[in-house]
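Bear in mind these aren't lab numbers, they're just calculated from the coordinates by the rules spelled out. All figures in this text were calculated on a predicted structure; none of them were measured in a lab. Please note: Cβ atoms are built from the backbone with ideal geometry, for glycine as well, and neighbour counts cover all protein chains shown.
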Amino acid sequence: MSHDFHFYEPAAGHGLPHDPFNALVAPRPIGWISSVAADGTYNLAPYSFFNAFNYTPPIVGFASVGYKDSVANIEATGEFCWNLATRDLAEPMNESCAAVEASVDEFELAGLTPAASRVISVPRVAEAPVSFECRVSQVLRLTGADGDQTDTWMVFGEVVGVYIATHLLVDGIYDTAAARPILRAGGPADYFEISADQRFQMHRPG
């Protein structure tokens, strides 16, 4: 199959009504990150650049465009939680991304419940059906191909504790669709929900 292409070099601009980059690498898992400031203030914020990067030890990471409160808190304490954003929690998740002062507790702002973790001191979102307790493994400031530093920090954390709501375990296997996770897509406001009717199976060769 051949295609006609819209080609652009990012440094020269995309020439479209909205930057398509986020939409092309999409949908993306949401890094709904809870952290605690040095003074004990709770912080909760969603990041659209998030994923899992390693099995053993399990490592997840998110990128913050700008040195935001989450990064500062995590560098100070060495800990954070990732919380699964689901369709039922979409509105509170969106509330937690409000640009507010560092003194504001986004758990309270979004009407969510902080639940004590077992291994680390950072609370998780009690309403989230899946959460990871994480200890920082690396914090990197990203650079461009020219070696110049960007205004983006990548935070990697080793998962040291996992919470899974038991109703999502079917015969011991996690049912991804049953959690109704939401994912960030392109455009200024697009999200997608995973549902069971979108599932297909494909085994690896060999």
Exercise. Please give the peptides 63-71, 41-49, 2-10 ranked by average Cβ packing (other Cβ atoms within 10 Å per residue), highest first, as a rough proxy for protection.
Key: 41-49, 63-71, 2-10
Quiz prompt | Two-site label geometry, Leu24 and Ala126: point separation in nm, points 7 Å out along Cα→Cβ | solution = 4.4
Practice problem: Multiply the residue gap between Asp39 and Asn51 by 0.36 nm, knock off their C-alpha separation, and tell me the result in nm, one decimal place. | Solution: 1.5 nm
Self-check item: About the Cα centre, charge dipole magnitude for the range 28-195 (Lys/Arg +1, Asp/Glu -1 at Cβ), debye
Solution: 400
Quiz item: Taking the Cα-to-Cβ direction at Tyr67 and at Leu169 and moving 7 Å from each Cα, how far apart do the two end points lie in nm?
Solution: 4.2
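Sort the chain into rounded, prolate or oblate with this rule: let a ≥ b ≥ c be the square roots of the eigenvalues of the Cα gyration tensor; rounded if a/c is under 1.5, and if a/c is not under 1.5, prolate when a/b is larger than b/c, oblate otherwise.
Verdict is oblate for the chain.
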Practice problem: Return the loop-located GluC sites (Glu not before Pro) in the range 1-107 (DSSP other than H, G, I, E, B) with at most 12 other Cβ atoms within 10 Å of their own Cβ; answer none if there are none. | Solution: Glu101
Self-check item: Linear extension gain, Gln149 paired with Phe5, 0.36 nm per residue minus alpha-carbon span
Solution: 48.7 nm
Quiz item: Of Gly144, Met1, Phe192, which is farthest along the charge dipole of the chain in the positive direction, counting Lys and Arg as +1 and Asp and Glu as -1 at C-beta?
Solution: Met1
Quiz item: Length gain on complete extension for the stretch Thr176 to Val119, per 0.36 nm per residue less the alpha carbon to alpha carbon distance?
Solution: 18.0 nm
Practice problem: Could you work out which residue, out of Val25, Val159, Val36, moves most in a Gaussian network model of the chain, that is, has the largest mean-square fluctuation with Cα springs under 10 Å? | Solution: Val25
Exercise. With r as the distance between the Cβ atoms of Ser137 and Gln201 and R0 = 30 Å, compute the FRET efficiency 1/(1 + (r/R0)^6) and round to 0.05.
Key: 0.35
